[in-house]
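Rule-based calculations on the coordinates, nothing more; no lab input. Fair warning: this is a prediction, and the values are worked out from it, not measured in the lab. Cβ sites come from the backbone with ideal geometry, for glycine too, and all protein chains shown count toward neighbours.
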Amino acid sequence: MENGTHYRTCNLCEAMCGVAIEVENGQINSIKGDDQDPFSRGHICPKALGLKDIHEDPDRLRQPVQRTASGWQPISWDEAFEQVSERLSTIQSEHGRNAAGLYLGNPNVHNHGALLATGSFVGALGTRNRYSATSNDQLPHMLANLKMFGNAMLFPVPDIDHTDLFICLGGNPMASNGSLMTVPDFRGRLKELQQRGGRFIVIDPRRSETADKADAFHFIRPGTDPWLLMGMLHILFKEDAIDPAIAREFSDDLALLEVAALPYPPEVVEGITGIDADSIRNLALALAVTPRALLYSRLGTSTQQFGGLATWLVYAINIITGKLDREGGLRFTEPAVDLVGLGALTGQTGHFARRHSRVRGLPEFGGEFPASTMAEEMLTPGEGQIRAFVTVAGNPVLSSPSGQSLDEAFAGLDFMVSVDYYINETTRHADIILPPTASLERSHYDLAFNTLAVRNVTKFSDALFEPEGDTRSDWQILTELAHRLTRRKHKLGLQGELAWRSYKAMGPDRILDLLLRTGPYGTDGQQLQPVLQQLAEMADRVLPKSNPFRTLLRNSGIHPRWQDRMKGLSLARLRESPHGVDLGPLRSTLPDRLQTRSGRVNLVPREYLKDLPRLHGATQEALATSDQSLRLIGRRQLRSNNSWMHNSQRLVKGKVRCTVQVHPRDVSRLGLVDGESARVSSEAGSITLPVEATEAVMPGVASIPHGWGHDRNGVELSVAQAHAGASINDVISDRQVDSFSGVSVLNGQTVTIAPARSKRSRKRTAANTA
Ligand code: SF4
């Protein structure tokens, strides 16, 4: 790589920040924010420097390895591919195709090569037992997108740059830099919101970094969000605060929604949520009367006992108060590679509950079963039991509930292969590990996160460095495995073989180029329109009136609102713009963007109505819940990125961050001591970690960050092991899921906390007692 400054997008989180990387003699000298990036405007977070640490990390695998009696041994790629395809296909031919399981981790979504290769690999593996991080995260949002807007990828995104009231429920964008809301420089954008007189309100069981910036903050008891939202709905109807004309513009069923909210007046809801009735009323009415306003919810709301219902209610409230598709409300994006449009073209808009998991009968979503069913599907004998497993860029032992059960399950498999460049808590169970190139060694394009961006933008970055060692890109690994698996399962003729070879040779960037050229900004609209008109006139002359092609061509003109946007975008054009291309602010796109059969928003999908009795049935129990029990919640940290960035010394140094935060009242009630170890226990297991007494959490709440717990045997992450922490997922039970959507309950499970006394202090206590 030439000396100088190179511009690219940071791939670590959703924010898509532009980075300027200065390289000298093949080494990274510095990583700074790219001031010329029109989207991130120079912003980066401390994690960006982690790009250098991952690139240089001596623990990163640079060639395939195989587990042997004498430890991990290098193995050639050809041998590794042969063994993996042979073992997987043999196990599947002996025990059925569903005897193989597949888990796709979150980093895949930040990697266009991996994303574009996944389909062929999934097809070749042919198993129904697929899992991903979706069911530990945004599944309820995708379900609501599918049921209400017709496509699981059609996310409504906060128009933060134009809003005057932003209500944030269960999210911490100051630490996450946006989630299902790609928003680099959230802090700066929030400041602008407040400078133009807007208000920012946060509702959370923890006074988070985001809450510290809020104009108003409300504690809410973990897992009670659907009751709060019902209370807000109740008020909106009772006080006639919705505009039926706006609400009915795109949707029906207002009356059903009103009936659903009847049993939840704020005076009832306050006893469940801990938010007083007046505040609930004010929140609802403020949203209703502020023209440019929005209600946003994230992981704290989606991953709870009623995560599906709660997320639907958030969407519904935005719709009936006229915040959907409006400036400063929730809007749909128009990205350069339009996954939503492609989904409609290919019939891949998403699906739900087409089948149910073998052991517990939980529903699939988009072809994946809930991650909380993974361990039982491996551990429960019988037809369809998983005996072989593939993980791709995932570490479910730390990132999925019941991590200890997953440890046991992976250890008992007949065969396991991991595509990963670390020997981590999950991949240490693999028989073979196939290491992909690091992110700076491959090109980068955000296929997924442009779909979630608060502004329409696009940017491509070429690989910065040649791959080190003997690594392959994710695309190469997955397509090679897919090809070999297909060859073993079916006889491939000459044609089939040639098709596979050409597909592999094409590579992700050529496919991306095709997608850009055929996308909404691809073809030059000014040039295409007259051509389409000529074709239509020609068809009128030569084709009979009844021929459907006449109608098709007559209607195929480019909508005027697209014409000015179609600028002949291609990979070459993006390469000419290393800082990225601004495609403009979010705009109104309804009803065109909807993919429902009716062409209207489905305000009250019947699946949600069917789940309402469950909420109703839980109301009495929720009212009876006392603050004496402790409810567990997670904690997002700016210097942490799920489970895989703890091997960067600069990101883990300083004070211990893996602590259990407890309110001082509970600290004294439970005999805990600030800074000393405590044992946190649940039906899933126990962990020990330091207590952090803080009024930042509400009484009755325990907060632990996730992604820690690197002290398991066999892990080869030298820095992370020295800062091991404990895994919250060892005390989160995989038995607790939202039975409607299948999302894991990561927030609101009950735990107990007791002092973890050392042997010496226990002896001293015993002697004193005697
Ligand atoms: S906010 Fe995310 S994208 Fe931006 S620098 Fe940090 S990790 Fe990278």
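What the table shows:
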{"quantity": "Relative contact order for the chain, counting Cα pairs under 8 Å that sit 6 or more residues apart, in percent", "calculated": "19"}
{"quantity": "In segment 404-476, the trypsin sites (Lys or Arg not before Pro) that fall in loop regions by DSSP, at most 14 other Cβ within 10 Å", "calculated": "none"}
{"quantity": "Order of THR346, THR90 under a 10 Å beta carbon neighbour criterion, fewest first", "calculated": "THR346, THR90"}
{"quantity": "Segment 268-352: C-alpha gyration tensor shape, a/c 1.5 cut-off, then a/b vs b/c", "calculated": "oblate"}
{"quantity": "Extension gain (nm, one decimal) between GLN533 and VAL259, 0.36 nm per residue minus Cα-Cα", "calculated": "93.6 nm"}
{"quantity": "Other-chain or far-sequence residues with amide H under 5 Å of SER473's (modelled H)", "calculated": "THR437"}
{"quantity": "Peptide ranges 310-318, 248-256, 429-437 listed from the most packed, as the mean C-beta count within 10 angstrom indicates", "calculated": "310-318, 429-437, 248-256"}
{"quantity": "Calculated Rg and Dmax of segment 253-396 using C-alpha coordinates, Å", "calculated": "20.3, 58"}
{"quantity": "Charge sum, other residues only, whose C-beta stays under 13 Å from ILE275's C-beta, Lys/Arg counted +1 and Asp/Glu -1", "calculated": "-4"}
{"quantity": "Ranking of ARG326, ARG712, ARG665 by count of other Cβ atoms within 10 Å, fewest first", "calculated": "ARG665, ARG712, ARG326"}
{"quantity": "Phi to ³J(HN,Hα) by Karplus 6.51 cos²θ - 1.76 cosθ + 1.60 over segment 364-380, Hz, x for Gly, Pro", "calculated": "7, 9, x, x, 10, 8, x, 4, 5, 9, 4, 4, 5, 6, 8, 8, 8"}
{"quantity": "For GLY580, net neighbour charge (Lys/Arg +1, Asp/Glu -1) across residues whose Cβ lies under 13 Å away", "calculated": "0"}
{"quantity": "Whole-number Å³ per residue for the convex hull built on Cα positions in the chain", "calculated": "183"}
{"quantity": "For MET416, distant residues with modelled amide H under 5 Å away", "calculated": "PHE389, ASP431, ILE432"}
{"quantity": "For VAL701, residues with placed amide H under 5 Å, excluding near neighbours", "calculated": "ARG631, HIS663"}
{"quantity": "Helix-only mean residue ellipticity at 222 nm for the chain, each DSSP H run of n ≥ 4 adding -39500 (n - 2.57), per residue, nearest 500", "calculated": "-10500 deg cm²/dmol"}
{"quantity": "Cα gyration tensor category, rounded, prolate or oblate, for segment 578-704 with a/c compared to 1.5", "calculated": "oblate"}
{"quantity": "Prolate/oblate/rounded call for segment 250-310, Cα gyration tensor, a/c under 1.5 rounded", "calculated": "rounded"}
{"quantity": "Sequence of CYS13, CYS168 once ranked by neighbouring C-beta atoms within 10 Å, starting from the fewest", "calculated": "CYS13, CYS168"}
{"quantity": "Centre separation in Å (Cα based) which lies between segment 397-444 and segment 137-152", "calculated": "28"}
{"quantity": "Per-residue HN-Hα couplings for segment 115-128 [Karplus 6.51, -1.76, 1.60; θ = phi - 60°; Hz; x = Gly/Pro]", "calculated": "4, 6, 8, 4, x, 5, 5, 4, x, 5, 6, x, 9, 7"}
{"quantity": "Under Karplus coefficients 6.51, -1.76 and 1.60, residue-wise ³J(HN,Hα) of segment 25-36 in Hz, glycine/proline x", "calculated": "6, x, 10, 7, 7, 7, 10, 10, x, 8, 4, 8"}
